[in-house]
Amino acid sequence: MTRRKVIVIGGGAAGLMAAGQAAEAGAETLLLEKMKRPGRKICITGKGRCNITNIAEISDFIGHFGKTGNFLRQAFARFFNIELMEFLEGLGLKQVKERGGRVFPASGKAPEVLKVLLKWLKQSGVAIKESSPVEELIIDAGRITGVVVQGRKIPCDAVILATGGASYPVTGSTGDGYRLAGTAGHQVIPIRPALVPLVTAGDIAGRMAELNLRNIKVRMLVNGKKYKEAFGELVFSKFGLTGPVILTLSGYAVDAIQNGDKVTFAIDLKPALDENKLEARLLRDFASRGQEDVASLLRGLLPREMVPICLELTRIPAERKVHSISSKERRRLRSWLKDFRLEVTGFRPFAEAIVTAGGINTKEVDPRTMESRLTKGLFLAGELLDIQGDTGGYNLQAAFSTGWLAGRSAAKG
């Protein structure tokens, strides 16, 4: 019996998983990677530590993907976090679970994940051709029959398109897959950066660059009305805001900005205290430290870098003695601590985005197999699809799961 020939385009998380699974399912498998080596994006994920997955339950997991999350249900039902962790453990990769259910390699080194995957592909008989960008899909009567690489036709029975999105283009994710899928008739939902740092108005954020705040609440206001909120870690930068809580909200902010809406982030610096408890805290401090300068008192409430910003925005002179602060000024201070606002005016480019929002319309892909509904023998997996999740291991799991399903399905035909 002739073995099916499967070509996988793209050597990221989805492509590596797809190639290995196709080979293990009996297909003659060729992985084409346009860069000099595969898996470059894996090596920089999770700040170089590789947040492999998250131990959340499927329903919670899917909720982190927004409106297209349900598309992943079939893939997750076949190969989910427990299966992924056991699979990698079987390849020799020890893992650890950290706060928020996040899973990392025990070594803390992302290249270890790539190392075990490449070793597995070699053992599974996958042929890897590097520096081999695919120029064209060969389609005959609605069916994939091969690809064109550097002018040479390579015949096959199935193609798995796993080229990634457009984020981190230095790793090879430059949007090639959208063009290739388009030639097969697929619609591309307009792409935009997601999980991306945001730009704020003025120099307030820049004056606190690199200041890291933990356990704070951020409300996102669109045209003055509360739209979303998140709790966690925030980092000020020279251009605006970043950090996990900002990245979580960034996709919604990008969409609102592109829609022409006004976006404001309201930061609660004291989320553990409601207005009454914060008022009581301030009254105690004011009573016990009345002879100090107000700047000195604020250093007990805020990081040092925030004190001059607070005084400026609340219009309280730094040298004023605490006992001379009026009740009106105190209320202004209390309000600022609970509702420090920054206007969001833009977002950083794809080069700084963790993932790409938008992509191939999931309605055109069979979620049971990852096969195109438009072109027989074409399978799609990973970030190329219009699926994007929050930070915390969700996106990488989606890449592995869709890659697993595409690989197995392509090998069966």
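Would you pick out the residues in the range 89-100 that are touching a residue at least 12 places away in the same chain (Cβ under 8 Å) and over 15 Å from Arg49 (Cα atoms)? Passing the criteria: Leu91, Gly92, Gly100.
For beta carbons closer than 6 Å, sequence separation of 6+ or different chains, a first residue in the range 44-59 that is over 14 Å from Gly392 (Cβ atoms) and a second that is modelled with pLDDT of 95 or more, the qualifying pairs are Gly48/Ala110; Ile58/Phe76.
Going through the range 270-290 one residue at a time, which ones are surrounded by fewer than 16 Cβ atoms within 10 Å (Cβ to Cβ), in a loop (DSSP other than H, G, I, E, B) and under 40 Å from the mean Cα position of the chain (by Cα)? Those that are surrounded by fewer than 16 Cβ atoms within 10 Å (Cβ to Cβ), in a loop (DSSP other than H, G, I, E, B) and under 40 Å from the mean Cα position of the chain (by Cα): Pro271, Ala272, Asp274. Taking strands (runs of 3 or more DSSP E) as the structural unit, those lying wholly within the range 131-186 and holding at least 1 residues that are small (Gly, Ala, Ser) and in contact with a helix residue (DSSP H, G or I) (Cβ under 8 Å, 6 or more places away or on another chain) correspond to 158-161. When residues in the range 350-372 are screened for being under 22 Å from Phe76 (Cα atoms) and either part of a helix (DSSP H, G or I) or touching a residue at least 60 places away in the same chain (Cβ under 8 Å) (or both), 16 of them pass. Each residue in the range 342-372 was checked for being surrounded by fewer than 20 Cβ atoms within 10 Å (Cβ to Cβ), under 18 Å from Pro244 (Cα atoms) and of a type outside the set (A, V, I, L, M, F, W, C), and 4 of them qualify. In the range 170-203, the qualifying residues are those that are of a type in the set (A, V, I, L, M, F, W, C) and farther than 17 Å from Ala253 by Cβ, and the one that is surrounded by the most Cβ atoms within 10 Å (Cβ to Cβ) is Ala181.
Being closer than 29 Å to Gly224 by Cα and either in contact with a Cys (Cβ under 7 Å, 6 or more places away or on another chain) or in a loop (DSSP other than H, G, I, E, B) (or both) is a description that does not apply to Ile267. Residues of the range 204-228 that are crowded, with 16+ Cβ neighbours inside 10 Å and assigned to a strand (DSSP E or B): Leu213, Ile216, Lys217, Val218, Arg219, Met220, Leu221, Val222, Tyr227. Of the residues in the range 93-140, how many are surrounded by fewer than 20 Cβ atoms within 10 Å (Cβ to Cβ) and of a type in the set (Phe, Trp, Tyr)? Residues that pass the stated criteria total 0. Within the range 232-254, can one find any residue that is surrounded by fewer than 13 Cβ atoms within 10 Å (Cβ to Cβ), touching a residue at least 24 places away in the same chain (Cβ under 8 Å) and farther than 17 Å from Glu210 by Cβ? Scanning the range 232-254, I find no residue that is surrounded by fewer than 13 Cβ atoms within 10 Å (Cβ to Cβ), touching a residue at least 24 places away in the same chain (Cβ under 8 Å) and farther than 17 Å from Glu210 by Cβ, so the answer is no. Among the hydrophobic types (A, V, I, L, M, F, W, C), farther than 24 Å from Ile354 by Cα, in contact (Cβ under 8 Å) with a residue 12 or more places away in the chain and surrounded by fewer than 17 Cβ atoms within 10 Å (Cβ to Cβ), is that true of Leu301? For Leu301, the condition - among the hydrophobic types (A, V, I, L, M, F, W, C), farther than 24 Å from Ile354 by Cα, in contact (Cβ under 8 Å) with a residue 12 or more places away in the chain and surrounded by fewer than 17 Cβ atoms within 10 Å (Cβ to Cβ) - is not met. Does any residue of the range 278-287 turn out to be touching a Ser or Thr at 6+ places or on another chain (Cβ under 9 Å) and either outside the structural domain of Ile42 (by TED's automatic domain parsing) or within 27 Å of Pro197 (Cβ to Cβ) (or both)? Checking the range 278-287: not a single residue is touching a Ser or Thr at 6+ places or on another chain (Cβ under 9 Å) and either outside the structural domain of Ile42 (by TED's automatic domain parsing) or within 27 Å of Pro197 (Cβ to Cβ) (or both).
Residue check: Ile246 meets all listed conditions (1) β-branched (Val, Ile, Thr); (2) in contact with a Lys or Arg (Cβ under 8 Å, 6 or more places away or on another chain); (3) not in a strand (DSSP E or B) but one, namely (2).
Rundown of residues vs (1) touching a strand residue (DSSP E or B) at 6+ places or on another chain (Cβ under 7 Å); (2) within 17 Å of Cys43 (Cα to Cα); (3) assigned by TED's automatic domain parsing to the domain that holds Trp404, yes/no style:
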{"residue": "Glu86", "(1), (2), (3)": "no, no, yes"}
{"residue": "Lys109", "(1), (2), (3)": "no, yes, yes"}
{"residue": "Glu112", "(1), (2), (3)": "yes, yes, yes"}
{"residue": "Ser131", "(1), (2), (3)": "no, no, yes"}
{"residue": "Ile154", "(1), (2), (3)": "yes, no, yes"}
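Restricting the range 147-159 to residues that are surrounded by fewer than 20 Cβ atoms within 10 Å (Cβ to Cβ) and not aliphatic (A, V, I, L, M) leaves a set whose member that is farthest from Pro133 (Cα to Cα) is Pro155. Only one entry of Gly20, Gly39, Gly48, Gly101 meets the criterion of being in contact with a helix residue (DSSP H, G or I) (Cβ under 8 Å, 6 or more places away or on another chain) and either at pLDDT 95 or above or of a type in the set (Asp, Glu) (or both), and that entry is Gly20. Under the condition of being touching a residue at least 12 places away in the same chain (Cβ under 8 Å), surrounded by fewer than 20 Cβ atoms within 10 Å (Cβ to Cβ) and in contact with a helix residue (DSSP H, G or I) (Cβ under 8 Å, 6 or more places away or on another chain), the residues counted in the range 373-382 number 1. The single residue among Arg214, Arg152, Arg179, Arg207 that is in contact (Cβ under 8 Å) with a residue 60 or more places away in the chain and basic (Lys, Arg) turns out to be Arg207. Among the residues of the range 294-349, the ones that are touching a helix residue (DSSP H, G or I) at 6+ places or on another chain (Cβ under 9 Å) and assigned to a helix (DSSP H, G or I) come to 27 in all.
The values are calculated or read from the model by the stated rules, or taken from the named source; none is laboratory data. Note that the coordinates shown come from a computational prediction; the quantities given were computed from them, not determined experimentally. Note that each Cβ is placed from the backbone with ideal geometry, even for glycine, and that neighbours are counted across all protein chains shown.
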